[in-house]
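Below is one structure; the comments refer to it alone.
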Amino acid sequence: MLRAMKLYVCWGTFPAPWRPGGHPCRNAYEALREAGWEPKVKKVYGLGPLPDFVTPTRAEVRELTGRNWVPVLVTDDGDTIVESKRIVEWARAHPASRKVSRPAV
Ligand SMILES: N[C@@H](CCC(=O)N[C@@H](CS)C(=O)NCC(=O)O)C(=O)O
C-alpha cells in the first residue's frame, strides 16, 4: 500500500536563528525536501510540557511515540522516526529519487 509521508512539527517549519542548531522541525523538513521528498506537514501546536488534556492535537504523536516531542516522521513505508537528527540522517540515506516506482500498466 502506498502511504503519504507525514512530518509532525510544532507550530511550523520556520527558521529559529536564536536557537543553537536551528529549529529542529525546520531542520527535519529541509533535509526531507533536499532529499526530494514532499512530506505532508502536520502542525501539532501546544507545548511539550503541558498536560496531555491541554494538547489533544498531540494525541497522534503520543500514540506513535509515547511522548509529546516533535518532529516525528512517518515514512511512506510506515516507519516512525523520532529526533530531528535521526530524521535528517534518514533523509540523507533515503533520497526520494532512489525510490523505485512501478511503471504504469
Ligand atoms: N532533541 C529534539 C528536540 C526537539 C524539540 O526541541 N522540539 C520542539 C519543537 S521544534 C519541541 O517539541 N518543543 C516542545 C514542544 O513544543 O512540545 C530533536 O532534535 O528532535
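Derivation of every value follows stated rules applied to the coordinates shown; laboratory data play no part. Remember, predicted model here, so these are calculated numbers, not experimental data. When we count neighbours, we look across all protein chains shown, and the Cβ atoms used for this are built from the backbone with ideal geometry, even at glycine.
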Dividing the alpha-carbon radius of gyration of the chain by 2.2 N^0.38 Å, where N counts its residues, gives 1.12
Express the C-alpha Rg of segment 59-101 as a ratio against the empirical globular expectation 2.2 N^0.38 Å, rounded to two decimals.
1.26
Largest fluctuation, 48, 36, 66 only, Gaussian network model of the chain with Cα springs under 10 angstrom, belongs to 66
Name the longest site-free stretch of the chain, where the excluded sites are trypsin sites (Lys or Arg not before Pro) in a DSSP loop with no more than 16 other beta-carbon atoms within 10 Å.
4-66
For segment 4-65, Rg(Cα) over 2.2 N^0.38 Å is 1.19
